[in-house]
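The structure under discussion appears below in the form of structure tokens.
The values are calculated or read from the model by the stated rules, or taken from the named source; none is laboratory data. Just so it is clear, the structure is predicted and the values come from calculations on it, not from any experiment. A quick note on method: Cβ atoms are made from the backbone with ideal geometry, for glycine too, and the neighbour counts reach across all protein chains shown. Please note that ligands, DNA and RNA were not included when accessible areas were found on the heavy atoms of the full protein model with its side chains. Shrake-Rupley method; radii C 1.70, N 1.55, O 1.52, S 1.80 Å.
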Amino acid sequence: MKPAPFDYYAPTTVAEAVEKLAELGYAGKVLAGGQSLIPAMNFRMARPGALVDLGKIKELAYIKPQADGSVAIGTMTRDTAVEEDEFIRKNFPIVAETVSYIAHKQIRNRGSFGGAIAHADPAAQIPALAVLLDAKLKVLSTDGERWEDAVDFIIGPFMTTLEPQELLAEVVIPPLPANCGCSYQQVSRQKGGYAQAAAIAKVVMDGDKVKDAQVVLFSVGETPIRTEQPNKVLAGMVPSTELIESVAEYVGANECDPGTDLHGTEEYRRNLVKVLVRRALLDAIERAKK
Amino acid sequence: MAEKNVQKSLKRNEDPRLLVGKTTFIDDIDLPGMLHVAIKRSDYSHGRIVKLDVEEARKLPGVVAIYTAEDLGDYWRPGPLQVPPPTAIKGSVFHARPLECIAKNKVRFSGEPVAVVVAESRYIAEDALDHIILDVETLDYVGDLEKAIEPGAALIHEDLDSNLAADVVQEVGSWEKAVAEADLVVKRRLEVNRVAGGAMENRGFVAQWDENLQVLNCWATTQGPIPMRNSIANYLGLMENQVRLMNPAIGGGFGPKIMSSQIDDVVIPWIAIKLKRPVKWFEDRRENFLGTTSERDQVHYAEIALKKDGTILGVKDVMYHNTGAYNPYGMTVPLNTQTHTVSNYRVPNFFTEIKMVFTNQMVVTPVRGAGRSQGVFVMERLLDAAAKELGMDVVEIRRKNILSPEEFPLRTGVIGQDFVEGVLDNGNYPAALEKTVETIGYEKFKSEIQPKLRAEGKNVGIGICMFTEGTAVGPYEGAKVMVGVTGKVTVFTAYSNQGQGHYTTFAQVAADQLGVNVKDINVVIGDTGQWQWGVGAFASRGMTLVGTAIHNASLKVRQKALGLASKVLNTPEDELEMQDGVVRVADMPEKFVTLGELAQRSNPTRGTVEEGMEPGLEAASYYGPPHGATGYGCLGMIISVDAETAKPKIERLVMTDDCGTPVNPMIVDGQLHGGLQMGIGEAFYENLVYDDYGQLLSASFMDYLFPQASDMPDKFEINHMVTPSPLNPLGIKGVGEAGVIATPACFMQALEDALNIKGMEIVESSISPSKLYHYMEKAKSA
């Protein structure tokens, strides 16, 4: 379990990094926290010709509250820093909560917030969170910068719109509206292990009625799945248990695509989606009312 | 009398060094000019080698040599059987097919070595693997234990008529008679899954040939240094003392590291001699999954015959035992299953048959539990099924059939892994059952707590299972105890320590006889240059066998010291006492001689000595029991289940265990905790899974789920019982495997009780939430 030979570069500025990426083209690969890429290289499933390590670029690690209430997170901000940040815990509690489910502390100390999105593992928490919260992504290259919505950025399992010469530099999460509640629900075989199914819900209430209900699933398809049924059925309604149950039932049957693997059958995982969507919606509504 | 050390929870002598990283594991060995090995393993599970081309790989810069079976020439030969066939059992059939160090002509499992790359670094060696071309004409994969021995199955060893590796029948009394007298016969097909040893440290081997001295130094992660050394010497045509094998520290063993005569110890020393450079091979985790032996995997057709009142009249069990592609370890595992099937109960008629089957999978050799778990799983599940059919309580049916203390020693009539008839030495099995029942509050749980929880819609259940643990089998172990001129003591063994605490417990035994501080005793482990005799760490036998040898050797040294001191102090021996490193006159403590001075006097450098004098304050001793000592215990679990997600949680886990005299109760607790954790892993997390072509799907920790601390219950509630074994002077029994044995059976029993779905019965030893979900759905729709 030793990687195939590769070249290694450790730029100290963003400018240097994008230049190096432009020079390397398809041979280059960005190394962020390395918690996914390095094991893949050790299994020789990934064989990049060269790594451009962002670890020494200080200007890529930050958490900056913006004037409009959004928060900008530098791509190299470690998961632990996000999880423990006071501003995030207060204004985006679902972000800290979701990040806490990523593997184990040692891995969160190394894993990076932006790296997880660029890696686009269908079983990863942060890409799903970025989709749910309508995150905007800043992408840099020697040609300048471009912005893209997280939901458009992720196009398949481990696939994004990122070109080889590009670098995901920043993630901006817009502010959560008033009367909003979120909930993270997952079932994994072990604490810190991959979810067999997971759902993150974001519900905005208007009095007794639901104003907006978003549920993103992950680990049950090729990308994070932004479901449609919850909002279709619940928006404008008083969310009864029966209604939520019917939504959950529908999502489990129609809006996910879990396969059968070593740890669970498709049928079991669809059942999990059903259970988790219900639990996430109920919990999010409860929190939104507080 | 000095204060005794045995039965005290002393802190471990070895821990300070381990905790600061100051010890030498095999991968710490780094010698000048050392070369590194990577092994090319077959990606095919079954087929004929058509082409094996290593020429491109040889050209890679930094590659020093590559060897295939062909390159080994006459040196290539299938390894010896490590455990002899069961000739003691009449009518037994056993087809010996020991391991091939490197596959020749044919590959028989995915992961079987086909070539060895030697390079200047491990990185380069792994790069070279990519350039080796292996073409195989594939043959049908044989993986199903029952279909494997049906006519028409592809033959794994083509010189045999079928894939049946062995057939061993043992019968006590008459099963036919039991059936004739029975009110009820309950039959079940039960499956036991396959698990890895999963030691934290993988396997490794380093060899260095000293051309001047003609000595081969080896370092290996082996559980059996002496047999491995002997195998190496035998292969190379060297005298045993020309090979020195060392392993001062090993990061866990759990069974698979007992194997020798494999690619590492056969081929690496040969390469080191050939290239005249030190050579290191160390497994990575993926290779450990693919290339290191593992265990369990049996299918049982089990029957129990009973009277209406729950009295057992007989048990019949026909098991299919997967031995993998070869059977180098004889029949140790399935024989353990046979001896442990009736476990704690009175079974007057018992029929048991092993059908050992070759498959295109990794070889099966013992993993902690080693066959015992399967036997106990079968018996406990049969009792649960019978209790259900009779409408009896699960504890009541056990009470009805459990052996009583008056029945010991009990000859079982079943020959075990040590090739002698099993004898249960002693114990109080009913007390262990009652203690667990009482601690966990079984009666109250069933009558008050559970009905209340059920009324609240909660699924919480309880399980109670018994087990025996055959331990401390022969043939023998030995040790030498020596007092040095500093008065400190060395205990020499060539045993192997994988973390069991021998550096402390062996010292505790010697300290009690010699009156020295435990910290002043240096235990030598894993060095065949310092001690020549012994067998190895398996079958929970170290403390009992080596410990007894140390005890007896220490007694001899004590006698020697007292004899010498008697002359020095001019006092009769019976007026002397040994304490605090001195021999002194009992009622005149100021009149003494130190052990160091006696050691000095025992080795005069001038003058004359009496005839027959033996120098040195030292003695050796050997110990081999007539048969093993049997530990036992009872497990209780309370499990809650989230019925929607089928996720269980262990709410309480109670264990009562009797391993005779616990030399260090803290270390015994550690063994029990570790065993329980492994048992929980087996029942709920771990699974070696092969696909339909014989590829191992769970070949990393991403897919092979290892139990974590966070998966464990908040605490293990342990009750100790102490019934000293009559077989050895300290009354010790083994304890290394106790925790693992009954855990799967108890887990399943508690799960069934928690869910309480009519007709839902778990007939396998490993369950995932997904599997449980389907059990529930199936039972509900039935």
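Any residue at all in region A:40-54 that's open to solvent by 20 Å² or more (accessible area, probe 1.4 Å), in contact with a Gly (Cβ under 6 Å, 6 or more places away or on another chain) and under 30 Å from A:ALA198 (Cβ atoms)? Among the residues of region A:40-54, not one is open to solvent by 20 Å² or more (accessible area, probe 1.4 Å), in contact with a Gly (Cβ under 6 Å, 6 or more places away or on another chain) and under 30 Å from A:ALA198 (Cβ atoms), which makes the answer no.
Return the residues of region B:681-697 that are within 22 Å of the chain's Cα centre (by Cα), at the interface with chain A (Cβ under 10 Å from one of its Cβ atoms) and part of a loop (DSSP other than H, G, I, E, B); say none if nothing qualifies. It would help to see each step written out before you state the result.
To start, the set of residues in region B:681-697 that are within 22 Å of the chain's Cα centre (by Cα) comprises B:681-689.
Still in the list and also at the interface with chain A (Cβ under 10 Å from one of its Cβ atoms): B:684-685, B:687, B:689.
The answer is B:ASN687, B:VAL689.
Of the residues making up region B:514-540, just one is part of a helix (DSSP H, G or I), out of contact with any strand residue (DSSP E or B) (no Cβ under 8 Å at 6 or more places or on another chain) and open to solvent by 20 Å² or more (accessible area, probe 1.4 Å), namely B:LYS519. Looking at region B:745-761, can you tell me whether even one residue there is outside any helix (DSSP H, G or I), among the aliphatic types (A, V, I, L, M) and either in the same structural domain as B:SER42 (by TED's automatic domain parsing) or surrounded by fewer than 22 Cβ atoms within 10 Å (Cβ to Cβ) (or both)? Yes, region B:745-761 contains a residue that is outside any helix (DSSP H, G or I), among the aliphatic types (A, V, I, L, M) and either in the same structural domain as B:SER42 (by TED's automatic domain parsing) or surrounded by fewer than 22 Cβ atoms within 10 Å (Cβ to Cβ) (or both). Just one of the listed residues (B:MET678, B:MET655, B:MET666) is away from chain A (no Cβ under 13 Å), open to solvent by 20 Å² or more (accessible area, probe 1.4 Å), within 23 Å of the chain's Cα centre (by Cα) and within 23 Å of B:HIS340 (Cβ to Cβ), namely B:MET678.
Let's see how each residue does on (1) open to solvent by 10 Å² or more (accessible area, probe 1.4 Å); (2) assigned to a loop (DSSP other than H, G, I, E, B); (3) under 25 Å from B:ALA69 (Cβ atoms):
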residue: B:LEU290; (1), (2), (3): yes, no, yes
residue: B:VAL315; (1), (2), (3): no, no, no
residue: B:VAL318; (1), (2), (3): yes, no, no
residue: B:THR323; (1), (2), (3): no, no, yes
residue: B:TYR326; (1), (2), (3): no, yes, yes
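Residues considered: A:GLU242, A:GLU267, A:GLU228. Of these, the only one that is out of contact with any helix residue (DSSP H, G or I) (no Cβ under 6 Å at 6 or more places or on another chain) and closer than 23 Å to A:ALA135 by Cβ is A:GLU228.
Residues being touching a residue at least 60 places away in the same chain (Cβ under 8 Å), open to solvent by less than 40 Å² (accessible area, probe 1.4 Å) and part of a helix (DSSP H, G or I) are entirely absent from region B:706-729. With respect to the conditions (1) in contact with a His (Cβ under 9 Å, 6 or more places away or on another chain); (2) more than 14 Å from every other protein chain (Cβ to nearest Cβ), A:TYR268 lacks only one, and its number is (2). Just one residue in the set B:VAL357, B:VAL333, B:VAL347, B:VAL395 is aliphatic (A, V, I, L, M), assigned to a strand (DSSP E or B), out of contact with any Cys (no Cβ under 9 Å at 6 or more places or on another chain) and at pLDDT 95 or above; that residue is B:VAL357. Within region B:365-392, the residues that satisfy the criterion of being open to solvent by 10 Å² or more (accessible area, probe 1.4 Å) and in contact with a Gly (Cβ under 8 Å, 6 or more places away or on another chain) are B:PRO366, B:ARG368, B:LEU390, B:MET392.
To keep it simple, each residue is scored yes or no on (1) farther than 30 Å from B:ASN336 by Cβ; (2) assigned to a loop (DSSP other than H, G, I, E, B); (3) at pLDDT 95 or above; (4) among the small types (Gly, Ala, Ser).
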site	(1), (2), (3), (4)
B:LEU545	no, no, yes, no
B:LYS560	yes, no, yes, no
B:ARG584	yes, no, yes, no
B:PRO589	yes, no, no, no
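Considering region B:1-78, the qualifying strands (runs of 3 or more DSSP E), each wholly inside and each with 1 or more residues that are surrounded by 18 or more Cβ atoms within 10 Å (Cβ to Cβ) and charged (D, E, K, R), run over B:35-41.
Only residues that are within 14 Å of another protein chain (Cβ to nearest Cβ) and either hydrophobic (A, V, I, L, M, F, W, C) or in a strand (DSSP E or B) (or both) were counted across region A:271-282, and they come to 7. Taking region B:253-280 as the range and being over 28 Å from B:ARG97 (Cα atoms) and assigned to a loop (DSSP other than H, G, I, E, B) as the test, the residues that pass are B:LYS276, B:ARG277, B:PRO278.
Could you look through region B:702-725, keep only residues that are within 20 Å of B:PHE408 (Cβ to Cβ) and touching a strand residue (DSSP E or B) at 6+ places or on another chain (Cβ under 6 Å), and pick out the one that is nearest to the other protein chains (Cβ to nearest Cβ)? Quick ask: steps written out before the conclusion?
Keep residues of region B:702-725 that are within 20 Å of B:PHE408 (Cβ to Cβ), which gives B:720-725.
Restricting the remaining residues to those that are touching a strand residue (DSSP E or B) at 6+ places or on another chain (Cβ under 6 Å) gives B:721, B:723-725.
On the way: B:MET721: 34, B:THR723: 38, B:PRO724: 40, B:SER725: 39 Å.
It comes out as B:MET721.
The set of residues in region A:158-192 being within 13 Å of the chain's Cα centre (by Cα) and either open to solvent by 40 Å² or more (accessible area, probe 1.4 Å) or within 14 Å of chain B (Cβ to nearest Cβ) (or both) consists of A:PHE158 alone.
Scanning region B:630-647 for residues that are among the hydroxyl-bearing types (Ser, Thr, Tyr) and in a strand (DSSP E or B) gives B:THR630, B:TYR632, B:SER640.
Among the residues of region A:233-265, those identified as of a type outside the set (Asp, Glu), within 12 Å of another protein chain (Cβ to nearest Cβ) and open to solvent by 60 Å² or more (accessible area, probe 1.4 Å) are A:THR260, A:LEU262.
Going by the structure shown, is A:ARG287 within 14 Å of chain B (Cβ to nearest Cβ) and part of a helix (DSSP H, G or I)? Give the derivation first.
On the way: within 14 Å of chain B (Cβ to nearest Cβ): no; part of a helix (DSSP H, G or I): yes.
Answer is no for this residue.
Restricting attention to region A:193-213, and to residues there that are part of a strand (DSSP E or B) and within 14 Å of another protein chain (Cβ to nearest Cβ), which single residue is surrounded by the most Cβ atoms within 10 Å (Cβ to Cβ)? Only one residue tops the list, namely A:ALA199. Among the conditions (1) outside any loop (DSSP other than H, G, I, E, B); (2) touching a residue at least 40 places away in the same chain (Cβ under 8 Å), the only one that A:PRO3 does not satisfy is (1). Residue check: is A:LYS274 surrounded by fewer than 22 Cβ atoms within 10 Å (Cβ to Cβ) and not hydrophobic (A, V, I, L, M, F, W, C)? When the stated conditions are applied, A:LYS274 does not pass them.
Output the helices (runs of 4 or more DSSP H) that fall wholly within region A:57-117 and possess 2 or more residues being surrounded by fewer than 18 Cβ atoms within 10 Å (Cβ to Cβ), or say none. First the steps, then the outcome.
Values: elements: A:79-84, A:86-91, A:93-99, A:105-110.
Result: A:86-91, A:93-99, A:105-110.
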